[in-house]
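The values are calculated or read from the model by the stated rules, or taken from the named source; none is laboratory data. Everything quoted here is computed from the prediction, not taken from an experiment. With ideal geometry, Cβ positions are generated from the backbone for all residues, glycine too; neighbour counts draw on all protein chains shown.
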Amino acid sequence: MTSTLLIVQFVLAIIITITILLQKSSSMGLGAYSGSNETMFGAKGPANFLVKFTFAMGILFVINTVTLGYLYNQTRQQSVVDTINTNSLIPSSPAPLVMPVAPVAPSAPTTVK
């Protein structure tokens with residue numbers, strides 16, 4: 001599910017970028033190439049439609065971002081350590097504790113005079 005939403009996120013980012021560049025501005029952006037659209041969208045041209053479309057795509061982008069963040073956070077709360085079976089790591093009976101005995105040094109031979 002997250003991979004599908006991630007693909008949708010990329011597509012929305014590309015669509016938003018294109019619609020922002022199509023809007024008229026002081027530098028015109030890509031709006032200079034859409035001069036023939038004025039008859040299709042009415043007297044004001046595509047400005048009103050593109051503003052509403054950009055706003056709608058922006059809302060979808062934010063909702064998709066929040067959903068992706070929630071889903072990634074849910075999978076992050078599970079740790080790899082939680083999946084380890086600890087019963088197989090603990091021996092059934094503890095090994096007996098054996099104290100090492102220090103070797104006794106031979107004593108020097110005693111001579112009687």
Practice prompt. Would you mind stating whether PRO100 is outside any helix (DSSP H, G or I), at negative phi, exposed (fewer than 10 other Cβ atoms within 10 Å of the Cβ) and modelled with pLDDT of 70 or more?
Written response: yes
Worksheet item: Of all residues in the stretch 22-39 being of a type in the set (Gly, Ala, Ser) and either modelled with pLDDT of 60 or more or not in a loop (DSSP other than H, G, I, E, B) (or both), which is surrounded by the fewest Cβ atoms within 10 Å (Cβ to Cβ)?
Response: SER36
Discussion item. Out of everything in the stretch 40-83 that is surrounded by fewer than 10 Cβ atoms within 10 Å (Cβ to Cβ) and more than 29 Å from GLN9 (Cβ to Cβ), what residue ends up being modelled with the lowest pLDDT?
Written reply: ALA43
